[in-house]
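What follows is a short report on a single structure.
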Amino acid sequence: MNIRIIGKEDAFSKHLKSQGFVYIVLLAVFLIGILGGTIYYKNVTDEQSMATYIENTFSKLAENADLDTYEILKESILKNVGISALFLILGASVIGIPLLLVYIGYRGFTLGFTISSLIEAFGFVKGNTISFVMLFFQNSLMLVAMLVAMVSAIKLAVNLLAKHKDMKIELLRHTIVCAFCMVIFLGASILEAVFNGPVLGIVLAKLK
């Protein structure tokens with residue numbers, strides 16, 4: 001048992017050591033995206049109109065107990081399966097590397113924009129509370145899975161360009177990684193559909 005644990009720890013350490021720079025770059029682009037989304041909201045968006053729209057939307061959400069969980073789950077699963085397929089395809093192409101950077105930057109941008117709009121609409125404490133309930137858990141899962149899938153895709157693209165390894169084995173490895181990440185994405189979908197709606201309704205009712 002100890003040998004197996006040590007072997008897994010060594011493999012994990014080796015992976016981080018060899019791919020650590022890629023993880024740092026992806027995280028940096030994601031954080032830059034968050035900053036960009038925040039700046040865009042503050043400087044370009046009509047803050048008052050957006051805040052009014054969000055308040056009205058969440059007021060209706062708090063009053064509506066009949067959320068279609070099945071429909072939310074279906075849409076979320078379809079979206080996340082599409083993301084997994086995207087990572088799989090982009091890894092098999094050299095042009096996939098810049099597109100992956102654009103994608104994770106965009107994810108950060110939308111997250112920063114969303115959090116800023118919630119804080120503007122509900123105030124610092126209430127806005128951050130809603131952001132935490134709505135976004136933290138599922139986005140944490142999504143971010144970890146995305147980073148792993150993106151690093152795998154970039155590794156495949158680099159190996160494809162260098163032609164140093166058996167590409168059939170590398171493609172199989174990347175497919176397995178994407179399949180594993182898709183399972184995490186599905187978990188995030190279930191969390192979004194089943195957990196977020198009811199809990200958000202409770203939080204909104206308590207924060208009135």
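Values quoted throughout were computed directly from the atomic coordinates according to the rules given, and no laboratory measurement underlies them. Quantities reported herein were computed from a predicted structural model and do not represent experimental measurements. Note: ideal-geometry Cβ built from the backbone for every residue, glycine included; neighbour counts use all protein chains shown.
Pairs spanning more than 29 Å between alpha-carbon atoms, out of LYS14/LYS168; LYS42/LYS155; LYS17/LYS163; LYS79/LYS155: LYS42/LYS155. Relative to the current alpha-carbon distance between LYS79 and SER13, full extension at 0.36 nm per residue lengthens the span by 20.6 nm. Listed by Cβ neighbour count within 10 Å, with the fewest neighbours leading, PHE87, PHE132, PHE21, PHE137 appear as PHE21, PHE132, PHE137, PHE87.
By the count of other C-beta atoms within 10 Å, a proxy for reagent exposure, GLU75, GLU170 are ordered fewest to most as GLU75, GLU170. Ranked by how many other Cβ atoms sit within 10 Å of their own Cβ, fewest first, the residues PHE113, PHE136 fall in the order PHE136, PHE113.
Rounded to 0.05, the FRET efficiency of the LYS168 and VAL25 pair, given R0 = 35 Å and the Cβ-Cβ distance, is 0.80.
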